[in-house]
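Scroll down for the structure; my scribbles are underneath it.
No lab work stands behind these numbers, since they all come straight from the coordinates. Since the model is a prediction, treat every value here as computed from it, not as a measurement. Note that we place each Cβ from the backbone using ideal geometry, even for glycine, and neighbour counts take in every protein chain shown.
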Protein chains: 2
Amino acid sequence: MGLQRIAKKTLSDGVYEQLSGEIVEGRYGAGLSLPAERQLCDMLGVNRGAIREALKRLAQAGLVSISQGGGTKVLDFRRNAGLDLLSQLMFRRDGSIDPGAARSVMEMRGALAPDIARLCAKRATPADLASLRELVEQMDVAAAAEDLPELQTLSLQFWDALVRGSGNIAYELAFNTLRETYVQLRDLLVQVMADEIRDVASHRAIAEAVARGDELSAKHVAAALMEQGTRRVLELVAVLEDASREEEGASANDAPDDDAEA
Amino acid sequence: MGLQRIAKKTLSDGVYEQLSGEIVEGRYGAGLSLPAERQLCDMLGVNRGAIREALKRLAQAGLVSISQGGGTKVLDFRRNAGLDLLSQLMFRRDGSIDPGAARSVMEMRGALAPDIARLCAKRATPADLASLRELVEQMDVAAAAEDLPELQTLSLQFWDALVRGSGNIAYELAFNTLRETYVQLRDLLVQVMADEIRDVASHRAIAEAVARGDELSAKHVAAALMEQGTRRVLELVAVLEDASREEEGASANDAPDDDAEA
DNA sequence: TGAATAAATTGGTAAGACCAGTTGACCACC
DNA sequence: GGTGGTCAACTGGTCTTACCAATTTATTCA
């Protein structure tokens with residue numbers, strides 16, 4: 001792969017990651033109090049401003065509740081956090097993938113994608129349609145060259161265009177979150193979902209259904225298209241779940257990462 | 001209604017609300033630079049810590065991008081923000097409801113609810129099932145007493161239990177966000193969605209489908225149930241959209257709020 | 001015993017200083 | 001003409017210290 005952008009994180013980013021990790025992994029259970037700000041300064045060796053910036057973010061994420069004089073309490077993130085937390089739940093601290101989160105994402109896109117296609121067929125502007133057709137053409141080229149990574153990018157852009165054309169801001173925002181988790185797994189999924197992203201015919205069928213304003217057809221083709229990748233990923237997830245179950249009984253300390261090459 | 005909890009917001013909350021409002025309403029377009037932190041201190045009359053806490057939250061919400069030395073740039077929230085932003089988009093600054101956002105929420109729950117019911121039928125534990133049945137019983141009582149607010153609460157709890165039973169963390173998190181927007185509109189929607197929340201039979205049918213592990217039935221009943229409220233809300237949204245279109249041509253300064261009583 | 005009160009604790013706000021990365025203008029060099 | 005170096009101005013990042021305000025806990029006293 002090419003050069004990677006250098007990631008430099010600030011102190012408050014580090015504090016946020018550490019605390020949110022502790023909470024999500026249950027080491028700070030819901031209802032407990034976090035240490036006082038001044039105490040966290042000592043524990044983490046940073047100034048109070050950095051601590052406060054991180055705590056404000058934790059509160060916004062729905063992980064803690066801050067009250068002046070009363071301390072900072074940990075909330076039940078399953079009940080209070082927003083969808084944005086998903087990308088944090090996808091990876092465990094050791095870098096391995098949480099099978100349950102991965103399965104959840106696939107199920108969610110399976111539920112949303114057909115309706116996104118349907119609404120796009122209902123509301124797409126000529127400009128939206130033009131983007132879709134343009135992307136299908138580019139997919140044809142990439143498919144002929146067997147350029148899987150390029151197909152993956154184009155397929156993602158295709159869905160980007162569909163979501164935009166759906167005229168549904170909730171879908172747009174949810175899709176942003178899903179995309180974030182997707183690109184994190186990009187290299188791994190390019191192989192697993194090869195069947196789906198190589199299926200240019202289905203992409204084209206959706207685009208043409210959108211062109212005809214054929215909501216039903218767009219919906220059904222989209223559902224079938226999703227089904228392909230979903231099935232493969234769920235198979236992989238099942239394997240991962242078996243692996244982590246075995247691991248519980250065993251040493252449980254090695255990271256079963258990097259299944260990218262297959 | 002009863003007494004309202006006193007909302008005391010901190011300075012950084014105020015800064016966050018003001019800046020996110022400006023960005024969402026387009027007064028700071030994507031790509032532009034926000035004023036420097038020290039400049040915002042002067043403009044808003046608060047210390048730099050409060051400004052920084054707010055900016056960190058804006059960055060986390062996907063509204064801005066901060067880089068040391070390079071200033072703070074506004075992002076395109078449609079492309080970068082997460083689902084959490086939805087509750088902010090639901091209300092305009094004057095307190096009126098954004099029809100597009102309201103329609104989006106209804107469409108999203110219409111897409112998710114059937115799959116939530118399906119997965120719950122697939123995976124619910126005996127404890128989940130017991131909660132569902134208990135809630136249906138309570139709904140029966142409330143329905144007999146024509147206690148609409150109570151029915152609304154119970155229906156919401158019913159869906160809470162369904163989501164928990166679905167074993168899908170993405171649905172749980174997305175549902176948290178949707179619930180947040182729902183409770184904000186609670187009093188208004190209790191009348192609009194009366195048909196749906198009064199339909200105890202459908203709730204019971206879902207619970208029993210879950211009991212049988214009948215995924216298909218759970219899914220279809222849930223879809224039909226959603227349809228009831230969705231139709232009524234979309235009718236209301238259409239009225240609101242007409243109203244705001246008229247307003248554009250006219251004075252455009254009065255807030256068409258409070259349609260609660262009907 | 002229980003209500004009023006004081007003390008300790010915790011988050012909220014403030015001001016000032018200095019560090020570190022970015023940008024753009026300018027200039028020497030090839 | 002283009003390349004790279006230098007420098008100054010600007011911007012966010014970090015740190016320290018102090019004090020204010022709300023809550024909690026311990027204490028006191030009727």
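Could you grab the pairs with beta carbons closer than 8 Å, sequence gap of 6+ or different chains, first residue in segment B:38-53 and more than 11 Å from chain A (Cβ to nearest Cβ) and on the phi < 0 side of the Ramachandran plot, second one more than 7 Å from DNA strand C (Cβ to nearest atom) and part of a loop (DSSP other than H, G, I, E, B)?
As it stands, the answer is B:Leu40/B:Leu34; B:Met43/B:Pro35, since those pairs meet every condition given.
Looking only at segment A:86-99, decide whether some residue is within 10 Å of chain B (Cβ to nearest Cβ) and among the polar types (S, T, N, Q).
yes
Go through (1) without any contact (Cβ under 8 Å) to a residue 12 or more places away in the chain; (2) closer than 29 Å to B:Leu112 by Cβ; (3) facing another protein chain (nearest Cβ under 9 Å) for A:Gln68 and report which single condition fails.
In the conditions (1) without any contact (Cβ under 8 Å) to a residue 12 or more places away in the chain; (2) closer than 29 Å to B:Leu112 by Cβ; (3) facing another protein chain (nearest Cβ under 9 Å), A:Gln68 misses (2) alone.
Starting from segment B:172-183, keep only residues that are under 13 Å from B:Leu85 (Cα atoms), then list their pairs with residues that are of a type in the set (Lys, Arg) whose Cβ atoms are within a distance under 9 Å, requiring at least 6 positions of separation or different chains.
B:Asn176/A:Arg78; B:Asn176/A:Arg79; B:Leu178/B:Arg109
Being under 20 Å from A:Val183 (Cβ atoms), within 12 Å of another protein chain (Cβ to nearest Cβ) and not aromatic (Phe, Trp, Tyr) narrows it down to one residue among A:Val15, A:Val105; which is it?
Only one candidate passes the filter, namely A:Val105.
When residues of segment A:128-163 are filtered for being more than 22 Å from A:Gln184 (Cβ to Cβ), in a helix (DSSP H, G or I) and of a type outside the set (A, V, I, L, M, F, W, C), how many remain?
The total comes to 7.
If I go through segment B:173-198 residue by residue, how many of them are touching a helix residue (DSSP H, G or I) at 6+ places or on another chain (Cβ under 6 Å), surrounded by fewer than 22 Cβ atoms within 10 Å (Cβ to Cβ) and of a type in the set (Asp, Glu)?
2
Name the single residue that is farthest from the other protein chains (Cβ to nearest Cβ) among those in segment A:125-171 being of a type in the set (A, V, I, L, M) and free of Cβ contacts under 8 Å to residues at least 12 places away in the same chain.
Here the answer is A:Ala144.
Of all the helices (runs of 4 or more DSSP H) wholly in segment B:1-82, which have at least 2 residues that are crowded, with 17+ Cβ neighbours inside 10 Å and within 13 Å of DNA strand C (Cβ to nearest atom)?
B:11-24, B:37-44, B:48-60
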